[in-house]
1. Is one or more of the residues making up segment 15-26 over 11 Å from the mean Cα position of the chain (by Cα) and modelled with pLDDT under 90?
2. Residues that are touching a Cys at 6+ places or on another chain (Cβ under 6 Å) and modelled with pLDDT under 90: does segment 44-52 have at least one?
3. Identify the residue in segment 79-99 that is within 16 Å of Cys18 (Cα to Cα) and more than 14 Å from the chain's Cα centre (by Cα) and, among all such residues, is surrounded by the most Cβ atoms within 10 Å (Cβ to Cβ).
4. Filtering segment 10-41 down to residues that are charged (D, E, K, R) and without any contact (Cβ under 8 Å) to a residue 24 or more places away in the chain, which residue is nearest to Ile62 (Cα to Cα)?
5. Output the residues belonging to segment 45-74 that are within 14 Å of Ala20 (Cα to Cα) and without any contact (Cβ under 8 Å) to a residue 40 or more places away in the chain.
6. Taking the condition over 12 Å from the mean Cα position of the chain (by Cα) and within 23 Å of Thr91 (Cα to Cα), does Asn43 pass?
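The values are calculated or read from the model by the stated rules, or taken from the named source; none is laboratory data. None of the values given here were measured: they were computed from a predicted structure. Don't worry about glycine lacking a Cβ; one is built from the backbone with ideal geometry, like all the others, and counts go over all protein chains shown. Only protein heavy atoms, including side chains, enter the accessible area calculation; ligands, DNA and RNA are left aside. Shrake-Rupley method; radii C 1.70, N 1.55, O 1.52, S 1.80 Å.
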Amino acid sequence: DFATPRAILTGHDYEITCAAICAELGLVISGSKEGPCLIHSMNGDLLRTLEGPENCLRPKLIQASREGQCVIYYENGLFCVFSVNGRLQATMETDDKIK
């Protein structure tokens, strides 16, 4: 038995640093080293780009909820909450740095 991909997700210009799958909504959210986070359908269609504030580079962790919220932790200690429609809903800066 050989594994075959269900879809190929395109759109990033740099290496992927984090990803999350929300099976309930049929979404895959991925972040790249120097670029934005992208939302794809499970079929591979690019749906949205999540653009954070200027200082939001290098996403490290992504978590999506079945309610349509996406939380992204960036390298500089900043959290951003987006709706799956791409709207930035909140930001929070922490002193802690996750390594």
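1. Checked segment 15-26: no residue is over 11 Å from the mean Cα position of the chain (by Cα) and modelled with pLDDT under 90.
2. Pass one, segment 44-52, residues touching a Cys at 6+ places or on another chain (Cβ under 6 Å): 50, 52.
Pick out the ones that are also modelled with pLDDT under 90 and you get 52.
There is at least one residue in segment 44-52 that is touching a Cys at 6+ places or on another chain (Cβ under 6 Å) and modelled with pLDDT under 90.
3. So, considering only residues that are within 16 Å of Cys18 (Cα to Cα) and more than 14 Å from the chain's Cα centre (by Cα), the one surrounded by the most Cβ atoms within 10 Å (Cβ to Cβ) is Ile98.
4. Pass one, segment 10-41, residues charged (D, E, K, R): 13, 15, 24, 33-34.
Remaining after also requiring without any contact (Cβ under 8 Å) to a residue 24 or more places away in the chain: 13, 15.
Values: Asp13: 18, Glu15: 15 Å.
For segment 10-41, the residue satisfying everything is Glu15.
5. Within segment 45-74, the subset within 14 Å of Ala20 (Cα to Cα) is 50, 59-66, 68-73.
Passing the criteria: Leu50, Gln69, Val71, Tyr73.
6. Numbers: over 12 Å from the mean Cα position of the chain (by Cα): yes; within 23 Å of Thr91 (Cα to Cα): no.
It is false that Asn43 is over 12 Å from the mean Cα position of the chain (by Cα) and within 23 Å of Thr91 (Cα to Cα).
Here is a yes/no grid of residues against (1) in contact with a strand residue (DSSP E or B) (Cβ under 7 Å, 6 or more places away or on another chain); (2) open to solvent by less than 20 Å² (accessible area, probe 1.4 Å):
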position: Ala19; (1), (2): yes, no
position: Glu34; (1), (2): no, no
position: Cys37; (1), (2): yes, yes
position: Gly44; (1), (2): no, yes
position: Arg48; (1), (2): yes, no
position: Pro53; (1), (2): yes, no
position: Arg66; (1), (2): yes, no
